[in-house]
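Derivation of every value follows stated rules applied to the coordinates shown; laboratory data play no part. Because the structure is a prediction, the values reported are computed rather than measured. For neighbour counting, all protein chains shown are included, and Cβ atoms are generated from backbone atoms with ideal geometry for every residue, glycine included.
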Amino acid sequence: MKDILDAINSDASGEDIAALEVPGSYRAAYVRRDEVDMFEGIASADKDPRKSIHVGEVPTPELGPFEAYVAVMASSINFNTVWTSIFEPLPTFGFLDRLGRESSLGARHALDHHVIGSDASGVVLRVGSSVRNFKPGDHVTIHCNHVDDQDPSAHNDSMKAANQRIWGFETNFGGLADLTVVRANQLMPKPAHLTWEEAAVNALCGSTSYRMLVSNNASSMKQGERVLIWGATGGLGGYAVQLVLNGGGIPIGVVSSPAKAELLREMGCEAVIDRKAEGYRFWSDENTQDESEWRRFGKKVREVGGDDPEIVFEHPGRHTMGASVFVAKRGGRIVTCAATSGYMIEYDNRHLWMKLKQIVSSHFANYYEAWEMNRLIDSGAIVPIMSHVYSLDDVGLAAWKVHKNQHEGKLAVLCLSPEEGLGVTDPEKREKVGEDRLTMFHRHALKNVPAA
Ligand code: NAP
């Protein structure tokens, strides 16, 4: 990969990059099929990604006609990196085996190692014979909707396609590596004012939040609507707050520490709730929810936000869903994409139907939605929420930090990029967007959150 990195760092032409040899193996972070039982008998919270994630050489897969090899400069940790590395709720090898049965190209994925990672920025090295819109040398970011457009169901909303998958989670050859192979319809132009690592953190969480809040496929927020955002400085929440502000809404952010509350205010979110300081106990025991706690929370939401929220941005799941359904405004919508604290959900249905609320499901984003989010980032309207930067060798540690909720925003990972701060090709635009805005989470984390 050294020749490739040298060519990228010396701004080699697309033709020169196309002429470079693609190596037969590359460095990657992966989990192993023969270790899926390694955490048996251990509580979820104690399962340690540092034990299950390995970094080493893996063979380069062949390239399909609709695909591209990308030299990965940087990537990021997503919560699916955590799920894969603790083998919950299922080991991901079942996904790879199913893909393997679909076609001869699909069979490449069914291996005994799973290269993880669902975000990346980098440089296109080669494209397959059917790729039209990208070419070697292009600087790109990669979104994770892996979809086969031969399926008719992919042509309305590709997230509803029968064989829609998340790259690097339900497919192999993910982004936490020096090289990846992706479908050409996962590629997007890299915003020129961002470093490699800033450009690598946005696609998965940003596009998911975009669909949840902005797209007609989920809650299509209107100007002036109040949006209650759980985990408002987390991966999804950090983009949600910005999208609400940018779209003329009023965010009401929930976080769990004074430092996160300060960061949220710095982002321009005036209505802030520190859930830890308030000590909410929505569940009095494992099986019983406490409606008086929902009421206490609802009162606080009105107090800081001025009214009940038209939209609740849900992802913690079991711990919060009862409260989320309760506090949403009459006629409001609870938009959910996840269930970090448990997916068997319980809420009081009377609060839903009597007050004509809706629960709206959402999952990642189609190519158009991801492209639109990338355009907002490219314009500077939305900025990356990158906090700390890790090396590829430390992916296990970074995943552990996310698993233990000891992070803010997004954790970036340097892959081929040898150091932080490289990759900006439009410094004037960077200056216009503003260094302070672009580095807000990074500066805050360096001051408040230990990286190790
Ligand atoms: P993250 O960076 O860990 O942020 C989540 C935030 O939620 C945390 O910072 C925490 O904030 C808050 N939180 C966690 N547990 C909570 C609880 N029990 N009660 C209240 N708040 C809680 O993770 P993320 O990247 O935002 O992802 C969140 C979830 O969404 C994960 O389960 C992930 O797998 C899922 N996800 C789904 C999609 C999709 O396409 N369907 C896409 C992205 C992510 P505070 O501690 O500050 O309150």
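The residues of segment 60-74 that are surrounded by 13 or more Cβ atoms within 10 Å (Cβ to Cβ) and not aromatic (Phe, Trp, Tyr), listed by number, are 60, 61, 63, 64, 67, 68, 70, 71, 72, 73, 74.
Within the span defined as segment 373-382, one or more residues are crowded, with 19+ Cβ neighbours inside 10 Å and within 13 Å of the ligand (Cβ to nearest atom). Just one of the listed residues (94, 41) is of a type in the set (Gly, Ala, Ser), more than 24 Å from the chain's Cα centre (by Cα) and surrounded by fewer than 23 Cβ atoms within 10 Å (Cβ to Cβ), and it is 41. Inside segment 9-41, residues that are over 17 Å from residue 174 (Cβ atoms) and among the aromatic types (Phe, Trp, Tyr) make up a count of 1.
Taken over segment 410-427, the criterion of being surrounded by fewer than 23 Cβ atoms within 10 Å (Cβ to Cβ), of a type in the set (D, E, K, R), out of contact with any Asp or Glu (no Cβ under 8 Å at 6 or more places or on another chain) and in contact (Cβ under 8 Å) with a residue 40 or more places away in the chain is satisfied by 426 alone. On inspection, residue 172 passes the criterion of being in contact (Cβ under 8 Å) with a residue 40 or more places away in the chain and under 29 Å from residue 217 (Cα atoms).
Could you list, in sequence order, the residues of segment 90-102 that are in contact with a helix residue (DSSP H, G or I) (Cβ under 7 Å, 6 or more places away or on another chain) and in contact (Cβ under 8 Å) with a residue 60 or more places away in the chain?
Result: 92, 93, 96, 99.
Can you pull out the residues in segment 320-372 that are more than 12 Å from the ligand (Cβ to nearest atom), among the aliphatic types (A, V, I, L, M) and within 14 Å of residue 215 (Cα to Cα)? Within segment 320-372, 360 is the sole residue that qualifies.
Of all residues assigned to segment 219-227, none qualifies as being of a type outside the set (Asp, Glu) and within 12 Å of the ligand (Cβ to nearest atom). Considering only residues in segment 394-434 that are of a type in the set (Asp, Glu) and more than 22 Å from residue 260 (Cβ to Cβ), the one that is farthest from the ligand (Cβ to nearest atom) turns out to be 428.
Taken over segment 301-319, the criterion of being out of contact with any Phe, Trp or Tyr (no Cβ under 8 Å at 6 or more places or on another chain) and either small (Gly, Ala, Ser) or away from the ligand (no atom under 14 Å from the Cβ) (or both) is satisfied by 302, 303, 304, 305, 306, 307, 308, 309, 310, 311.
Residues in segment 225-261 that are free of Cβ contacts under 8 Å to residues at least 40 places away in the same chain and surrounded by fewer than 21 Cβ atoms within 10 Å (Cβ to Cβ): 245, 247, 248, 257, 258.
Here the condition is being surrounded by fewer than 24 Cβ atoms within 10 Å (Cβ to Cβ) and of a type in the set (A, V, I, L, M); of 201, 214, it holds for 214 alone. Mind listing just one residue for me: the one in segment 276-298 that is in a strand (DSSP E or B) and of a type outside the set (S, T, N, Q) and, of those, farthest from residue 350 (Cα to Cα)? By that ranking, first place goes to 285.
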